[in-house]
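The values are calculated or read from the model by the stated rules, or taken from the named source; none is laboratory data. All figures in this text were calculated on a predicted structure; none of them were measured in a lab. Every residue, glycine among them, receives a Cβ derived from its backbone with ideal geometry; neighbour counts consider all protein chains shown.
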Amino acid sequence: MVEITELERLVKERLSKKRANHVFSVARQAGKMALRYGVNTEKAEIAALLHDITKEVDPAEQLKMIQEFDIIKDNVILESPSLYHAVTARIYARDILSVQDAEILNAVRYHTTARAGMSDLEKIIYLADAVSEDRDYKRVEEFRRLAMDGLNRCMLEFLKYSIRYLVRDECLLPVDTIQAYNEYCRMAGHQNER
Ligand SMILES: [Fe+2]
Ligand SMILES: [Fe+2]
């Protein structure tokens, strides 16, 4: 397993001070949630430390990495530079740091879009990124509470919140995000009645 102290050093080296602080906040939040939900805390911290590791790499360079080392079927991701870093962070973790744990790699890969069939570790990283202590938006306190009170309910609420904003701003919706939303709706027992 990759060393946490080594990852902390890498985060400081590759990211601005502000973003490094964000990453350390996500790692603390993910550790707390992992304890709460009986998930391996070391894996949660490692995934959190890796989640934004390529975020400051030039988007054109990231797109090249994606085309060379991954297969992305959803064009929306290729058309959205802000989503590249989740794909390239997985490539970086897998190919440069030799992280082999599929759960960690998936938690990194799906931290921006979510997807259907997420493991608890994936949900924890997605939500820890949304509610870490450096985050400041109107409903953050509510989501922080929900994050400790049931992963699936919090996933549904945060997906509703973020999809609403994406639609408001006429942003493209990744297929994975729609499939995640549908899954948590079904779990909550919702179906179309109209
Ligand atoms: Fe990110
Ligand atoms: Fe992040």
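Let me confirm something: among 131, 175, 140, which residue is at pLDDT 95 or above and more than 16 Å from the chain's Cα centre (by Cα)?
Details: 131 fails: more than 16 Å from the chain's Cα centre (by Cα); 175 fails: more than 16 Å from the chain's Cα centre (by Cα).
Result of the check over 131, 175, 140: 140.
One residue is enough: does the range 177-186 have a residue meeting the conditions charged (D, E, K, R), surrounded by 12 or more Cβ atoms within 10 Å (Cβ to Cβ) and in contact (Cβ under 8 Å) with a residue 60 or more places away in the chain?
yes
Quick one: count up the residues across the range 145-181 that are over 26 Å from residue 81 (Cβ atoms) and polar (S, T, N, Q).
Kept after step one, since they are over 26 Å from residue 81 (Cβ atoms), are these residues of the range 145-181: 145-154, 156-157.
In the following step, the residues that additionally are polar (S, T, N, Q) were identified as 152.
Residues flagged as over 26 Å from residue 81 (Cβ atoms) and polar (S, T, N, Q) within the range 145-181 amount to 1.
Considering only residues that are hydroxyl-bearing (Ser, Thr, Tyr) and either under 13 Å from residue 46 (Cβ atoms) or within 12 Å of ligand 1 (Cβ to nearest atom) (or both), which ones fall in the range 107-127?
Within the range 107-127, the subset hydroxyl-bearing (Ser, Thr, Tyr) is 110, 112-113, 119, 126.
Within the range 107-127, 110, 112, 113, 126 meet the criteria.
Do any helices (runs of 4 or more DSSP H) lying entirely in the range 53-171 carry at least 2 residues that are closer than 21 Å to residue 20 by Cα, within 14 Å of ligand 2 (Cβ to nearest atom) and not basic (Lys, Arg), and which ones are they? Give the steps one after another, and end with the answer.
Numbers: elements: 59-69, 75-78, 81-91, 102-109, 120-131, 140-147, 151-168.
The qualifying helices (runs of 4 or more DSSP H) are 81-91, 102-109, 120-131.
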